[in-house]
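The values are calculated or read from the model by the stated rules, or taken from the named source; none is laboratory data. Because the structure is predicted, anything quoted here is derived from the model rather than measured. With ideal geometry, Cβ positions are generated from the backbone for all residues, glycine too; neighbour counts draw on all protein chains shown.
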Amino acid sequence: MAVRSPVKANQGPRPLKGPERVATLLFAMGKPAASRLLKHFSTDEIKLITRSAAELGPVSPTQIETLIEEFSAQFSNGASLFGTAAEVEKLLSGVLPPEQIAELMSDVLGNSNKSIWDRVSTVSESALATYLMKEHPQTAALILSKVKPACAAKVMGHLPPPLRNGLMRRMLTFKPIVDETMRIIEQTLHEDFMINFSRNMGADTHAKMADIINKMERDHMEEVLQSLTEVRPKSAEILKGLLFTFDDIVGLTPRARTALFDQIPNDRVVLALKGTDEAFRNIILSSLASRVRRMVEHELNSKEPASQRDVLEARRAITDLALEMAGRGEIELNSQDDGDTYIR
């Protein structure tokens with residue numbers, strides 16, 4: 001079988017990619033230097049490097065030298081390397097606590113017998129369906145033929161009928177796949193789902209933090225955001241975009257405000273509006289039915305005092321209800337309605 005000459009002179013050993021290159025450099029530089037570097041990696045990055053190192057196999061001196069030259073280092077031609085789980089565990093010892101090493105190695109060894117297809121089968125079927133719709137139909141059909149049947153069936157249910165039928169036909173007419181092609185597909189899936197999915201968990205973290213901050217008292221909320229702005233300004237900006245407070249209610253569309261206040265008792269509306277400025281109050285009152293509005297205005301005009309705690313609790317209850325309704329898809333919190341301009 002004719003083999004096309006690669007662009008580079010090196011032939012034979014497969015090229016190292018991504019985490020494999022990092023693992024090779026760590027092995028080559030020895031434990032002392034590698035230990036100092038590993039302390040700067042995140043847990044997810046160490047997991048990725050650990051998996052790659054455990055499955056690295058033989059790396060020739062030529063490959064090592066080429067790799068080192070790419071990083072502009074001065075290395076002599078050394079002995080070949082052979083990455084194993086035992087070697088990477090030895091490399092980690094003294095750098096990480098024993099329990100963390102045990103967790104990492106358990107994860108690596110546990111996944112060594114678990115193929116990428118088993119792991120992809122655990123991904124949300126809607127997420128996998130969205131991913132496949134962006135791929136070439138032949139690639140999508142191959143992926144569906146490799147994941148677990150139960151997963152493939154659920155994913156098929158999320159696909160448009162024409163695409164679903166076309167993929168089924170392709171799956172029936174598959175020819176043998178070249179090993180290198182399959183390896184590239186598996187590596188791509190690993191990066192797209194296993195790595196990027198872990199990175200995207202950061203977005204979930206911001207959402208959870210925003211949910212917590214949303215339920216804080218206003219002064220505590222401002223204190224937390226001020227502290228985050230000083231230490232992690234980018235995260236603070238993301239959180240500010242996710243927060244929703246009582247003051248933000250005036251930014252809702254008239255329809256959303258009406259739907260919200262239709263579910264709030266009159267006495268709670270009265271309490272929440274105490275101490276607000278006239279512009280804000282008028283916007284809220286405009287969302288009430290005529291009879292309810294007259295009752296609320298009458299109560300507010302009586303200027304009966306209320307404790308600050310009761311007022312804040314009423315506002316918090318209204319804000320929580322708005323968040324719940326948004327979560328159910330009944331209203332939108334951040335509507336881009338340019339036709340309405342509000343003044344607080």
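Miscellaneous remarks
- Taking residues in region 137-157 that are under 21 Å from Pro176 (Cβ atoms), and partners anywhere that are among the hydroxyl-bearing types (Ser, Thr, Tyr) and surrounded by 14 or more Cβ atoms within 10 Å (Cβ to Cβ), the pairs with Cβ atoms closer than 6 Å and at least 6 places apart or on different chains are Val147/Ser121.
- Checking Met216 against (1) more than 30 Å from Ile46 (Cα to Cα); (2) in contact with a helix residue (DSSP H, G or I) (Cβ under 9 Å, 6 or more places away or on another chain); (3) at pLDDT 80 or above, the condition it does not meet: (3)
- Odd one out for Asn282 among (1) surrounded by fewer than 16 Cβ atoms within 10 Å (Cβ to Cβ); (2) within 12 Å of Ala314 (Cα to Cα); (3) not basic (Lys, Arg): (2)
- Among residues that are touching a residue at least 60 places away in the same chain (Cβ under 8 Å) and of a type in the set (A, V, I, L, M), Ala279 is included.
- Condition met for Val270 (within 19 Å of Leu312 (Cα to Cα) and touching a Phe, Trp or Tyr at 6+ places or on another chain (Cβ under 6 Å)): no
- Considered as a group, the residues in region 230-279 that are closer than 23 Å to Arg294 by Cα and of a type in the set (Asp, Glu) include one that is surrounded by the fewest Cβ atoms within 10 Å (Cβ to Cβ), and that residue is Glu278.
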